[in-house]
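Reviewing the structure listed below.
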Amino acid sequence: MIEPLRWGILSTGGIARTFARDLAFVEESVAVAVGSRTLESAKRFADDFDIARRYGSYEELVGDPDVEAVYVATPHPLHHDNAILALEHGKHVLVEKSFTMNAREAREVVDVARRQGLFAMEAMWTRFLPGVMAIRELVTRGELGTIVSVEADHGQWFSPDPNFRLFAPELGGGALLDLGIYPVSFASMILGTPSRILSMVDPAFTGVDGQTSMLFGYENGAHAVLTCTSLARSPTRASITGEKARIEIEGSFYAATGFDLINRSGATQRFDFPRLGRGLHYEVQEVARCVRSGLLESPFMPLAETISIMETMDTVLATR
Ligand SMILES: NC(=O)c1ccc[n+]([C@@H]2O[C@H](COP(=O)([O-])OP(=O)(O)OC[C@H]3O[C@@H](n4cnc5c(N)ncnc54)[C@H](OP(=O)(O)O)[C@@H]3O)[C@@H](O)[C@H]2O)c1
């Protein structure tokens, strides 16, 4: 048993609450402080989750000497500044997806983390789910043979409120950085960085990207076919097709609890995995493991890959 990592939670919104709830499943981590733009919200959050210290500003939170790691859970236009604020105060960071608004900002955060000798990771929680770890292992072991294609879609329906984060330009609105990042990151995990990128991006009613279809090509000839939309609930399936076998994840692939491994002749092997809470605690365990073993990044979500994913999304959005 390692000494619990002492977390400060930066912001008190929706995903910060999920994170605080899921921390209960992790012995290797404890929330010791929360910071909000308002003390009232920090107090409410701290009372709800039994957190000892509560602050009415992010500056006070990162100044808490007892906090070792900061979870940045603000809207994505703030990730760059919030993460750098925490790093400059000597804190390790776990930064919500999308890591930043673009690749330039991502490189700046990574530069500060490296200069400070601190751990940093994009909170791509899906990567750390046991089912997704198992998929990675099967692919690495060559059970699917050479990978020929990856397909994935992520569409969610939201009521058309111009002030809602996904539709508001000033809050980083847009389907790609919020929803499309899951298919893009999934393809990146399996196939790496694409060498060819084609895309079609159409706006939602506020002008931010609302629906995007992407076709990526890789040096080895593989393809990825990916879509996202904030206009409708799509099947949210994913598949990885190899010469020997394919993997199919039915429904909410980004929160996968199971999948089918289907060989060329159609024989199917089912894999199921239990999941506690929303599943964010697996990434939290990874941060604690890395920090306690002196790693400055996770081999499962390396910083170079986070930058590459942001570069890919920059290229896709440039076709608007
Ligand atoms: N991993 C996942 O499954 C998942 C799910 C949802 C969202 N996310 C990511 O998490 C981030 C936050 O999303 P969310 O859904 O939690 O958002 P949210 O509910 O709107 O919460 C965001 C929080 O950020 C703080 N904030 C600071 N400046 C703000 C501003 N100008 N406007 C609004 N809020 C501001 C607020 O907290 P204070 O008032 O306390 O400062 C607010 O409660 C996004 O980057 C999103 O992509 C990840």
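The values are calculated or read from the model by the stated rules, or taken from the named source; none is laboratory data. All values derive from a computational prediction rather than experimental measurement. Note that each Cβ is placed from the backbone with ideal geometry, even for glycine, and that neighbours are counted across all protein chains shown. Keep in mind that these areas ignore ligands, DNA and RNA; they rest on the heavy atoms of the full protein, side chains included. Shrake-Rupley method; radii C 1.70, N 1.55, O 1.52, S 1.80 Å.
Worth pointing out:
- Across the range 296-303, rounded Karplus estimates of 3J(HN,Hα) from the backbone phi angles (6.51 cos²θ - 1.76 cosθ + 1.60, θ = phi - 60°) give 9, 8, 8, x, 8, 9, x, 5 Hz, Gly and Pro being marked x.
- For the range 34-70 and the range 128-165, distance of Cα centres in Å: 33 Å
- Rounded tilt (10° steps) of 76-88 against the dominant C-alpha axis of the chain: 50 degrees
- More than 36 Å apart - percent of Cα-Cα pairs taken over the chain: 17 percent
- Here the gap between R136 and D50, fully extended at 0.36 nm per residue and compared with their Cα-Cα distance, gives a gain of 27.3 nm.
- Heavy-atom accessible surface of the chain: percent carbon and sulfur, 1.4 Å: 52 percent
- Å² of accessible area per residue within the chain, as computed with a 1.4 Å probe and no ligands counted: 41 Å²
- Principal-axis tilt of helix 130-140 within the chain, Cα atoms, nearest 10 degrees: 50 degrees
- Dipole magnitude for the range 130-274: computed about the Cα centre from +1 point charges on Lys and Arg Cβ and -1 point charges on Asp and Glu Cβ, it is near 320 debye.
- Viscosity 1.567 mPa s, 4 °C: Kirkwood-radius Stokes-Einstein D of the range 130-274 over Cα pairs, µm²/s: 82 µm²/s
- With respect to the chain, whose longest principal axis is taken over its alpha-carbon atoms, helix 181-191 is tilted by about 60°.
- Share antiparallel - DSSP beta bridges, the chain, percent rounded to 5: 55 percent
- Computed over the alpha-carbon atoms, the range 1-55 gives an Rg to Rh ratio of 0.97, Rh here being the Kirkwood radius from the mean inverse distance.
- Net charge of Cβ neighbours under 11 Å - reference T100; Lys, Arg +1; Asp, Glu -1: -3
- 11 Å beta-carbon shell around F259, net charge (K/R +1, D/E -1): -1
- Taking every C-alpha pair closer than 8 Å and separated by at least 6 residues, the mean separation divided by the residue count of the range 130-274 gives a relative contact order of 29 percent.
- Against the criterion of solvent-accessible heavy-atom surface with a 1.4 angstrom probe, H76, H223 sort, most first, into H223, H76.
- Calculated from backbone phi, Karplus (6.51, -1.76, 1.60) coupling profile of the range 44-56 in Hz, x at Gly/Pro: 4, 4, 5, 5, 4, 10, 6, 9, 5, 10, 9, 10, x
- Nonlocal amide H pairs with L5, under 5 Å, H built at 1.01 Å: S29, V30
- Amide H to amide H distances under 5 Å link R53 with A33, V34, where only residues 5 or more positions off or on other chains count and H is placed in the peptide plane.
- Amide H within-cut-off set for G173, under 5 Å, with H built and near neighbours excluded: A168
- Every helix of 4 or more DSSP H residues in the chain counts as -39500 (n - 2.57), and over all residues that averages to -9500 deg cm²/dmol at 222 nm.
- Extension gain, T319 to E143, is 59.7 nm, computed as 0.36 nm per intervening residue step minus the present C-alpha separation.
- Note on the range 1-100: Kirkwood radius taken over Cα pairs, Stokes-Einstein applied at 25 °C and 0.890 mPa s, translational D equal to 188 µm² s⁻¹.
- Estimated from the Cβ-Cβ distance and a Förster radius of 41 angstrom, the FRET efficiency linking E248 and F205 is about 0.75.
- The 3J(HN,Hα) values that the Karplus relation (6.51, -1.76, 1.60; θ = phi - 60°) gives for the range 254-263 are, in residue order, 6, 10, 4, 10, x, 7, 10, 10, 10, 7 Hz. Gly and Pro appear as x.
- Comparing mean-square fluctuations of A245, A267, A86 from a GNM of the chain with C-alpha springs under 10 Å, the top value falls on A267.
- The C-alpha radius of gyration of the range 199-320, expressed as a fraction of 2.2 N^0.38 Å, stands at 1.30.
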